[in-house]
Amino acid sequence: MRHSVILKKASLVGAFFVSLLCVDLAQAFCPLRADLVQVAVRQVVDGDTVRLADGRSIRLIGINAPELGRKGRSDEPFAVQSKRRLQALVDASDGRVGLLYGEQRKDRYGRTLAHLYDRQGRNLEAQLLGEGLGFMVAVAPNSVLVSCQAQAERQARRQRLGVWRTEQVKTAGQLKSGGFALLSGRVAGVQRNRGGLWIDLDGGRVLRVAPELLGEFDVRALQRLEGQRVEARGWVIDRQSRGGLKSGQARWMLPLTHSAMLEVLP
């Protein structure tokens, strides 16, 4: 049984009933918010981004959907399904959604960060996660729904829905590029310095908690992880491609953006 690493703070009829079941389950995960002002959606860009009629781009908080193919790249598995499902959820809400803004309002691309809710007050990210159409992500300080969204993902993972139909976790030998990934490995060592806290994994990978994010973690618990197997998720950086990789340093680094992005395995 998995546990978090100590958070501090084939018919149309059949498909219809499966959809209803998923809606009910997602509703059970995250609290209803029917009090939010509804705004019009002009376009669903992909499984985690919409564009509003007023021109704003909204990046959904708490989910990372598979990437649609761009610049000659192929679509990632379930990228199209994720976009279509989000479109269907928006359409079922008469093209209007409620926004619950993040404590951090904008991302580095200028997009507005918000949770989306339909007319009944149901959280759309939990709906997608519960159907296996994306990965739960948590980026401090926008973590108010991390617990219920993680529950939604765990259900899909247990039932092997969507992206979870195939193994998603990579080991050292399988990691050959940057970008979003789930990594597993055994902790070879933990150290803390001015650059934050560093968790070295076998196979030449390292997890990093930046100094400004240490307050989101139980640091003492992290320092006791040596020898244990963990699973981490986030956006992997190829330090070699950026230059300045020193001898003995791990090439692949995964910054941890919230304690929910790290789990201790049995």
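The values are calculated or read from the model by the stated rules, or taken from the named source; none is laboratory data. Source: prediction; values computed, not measured. As a convention, Cβ positions derive from the backbone with ideal geometry for all residues, glycine included, and neighbour counts pool all protein chains shown. Side chains included, ligands, DNA and RNA excluded: accessible areas come from the protein's heavy atoms. Shrake-Rupley method; radii C 1.70, N 1.55, O 1.52, S 1.80 Å.
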Counting only residues that are open to solvent by 30 Å² or more (accessible area, probe 1.4 Å) and outside any strand (DSSP E or B), how many does the range 132-142 have? 1
For the subset of the range 228-266 comprising residues that are modelled with pLDDT under 95 and among the hydroxyl-bearing types (Ser, Thr, Tyr), which member is most open to solvent (accessible area, probe 1.4 Å)? Ser247
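Mind listing whichever residues of the range 67-96 are of a type in the set (Val, Ile, Thr) and under 21 Å from Gln168 (Cα atoms)?
Val80
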Hey, among Leu197, Leu175, Leu225, Leu201, which residue is under 25 Å from Leu129 (Cα atoms), open to solvent by less than 50 Å² (accessible area, probe 1.4 Å) and aliphatic (A, V, I, L, M)? Leu175
Out of Ala53, Ala40, Ala34, report the one residue that is farther than 18 Å from Glu125 by Cα, out of contact with any helix residue (DSSP H, G or I) (no Cβ under 6 Å at 6 or more places or on another chain) and surrounded by fewer than 20 Cβ atoms within 10 Å (Cβ to Cβ). Ala53
Do you know which of the residues in the range 207-220 that are touching a Lys or Arg at 6+ places or on another chain (Cβ under 9 Å) and more than 19 Å from Val137 (Cα to Cα) is surrounded by the fewest Cβ atoms within 10 Å (Cβ to Cβ)? Pro211
For the range 113-124, indicate whether the set of residues that are assigned to a helix (DSSP H, G or I), modelled with pLDDT of 95 or more and either open to solvent by 10 Å² or more (accessible area, probe 1.4 Å) or aliphatic (A, V, I, L, M) (or both) is non-empty. yes
Going through (1) in contact with a Cys (Cβ under 8 Å, 6 or more places away or on another chain); (2) modelled with pLDDT under 95 one by one, Gly130 fails only at (2)
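Taking only the range 73-99 into account, find how many residues are open to solvent by 10 Å² or more (accessible area, probe 1.4 Å) and outside any loop (DSSP other than H, G, I, E, B).
Count: 12.
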Would it be correct to say that Gly102 is farther than 22 Å from Glu131 by Cα, assigned by the TED database to the domain that holds Val50 and part of a loop (DSSP other than H, G, I, E, B)? no
Residue among Arg70, Arg59 that is assigned to a loop (DSSP other than H, G, I, E, B) and over 17 Å from Ala152 (Cα atoms): Arg70
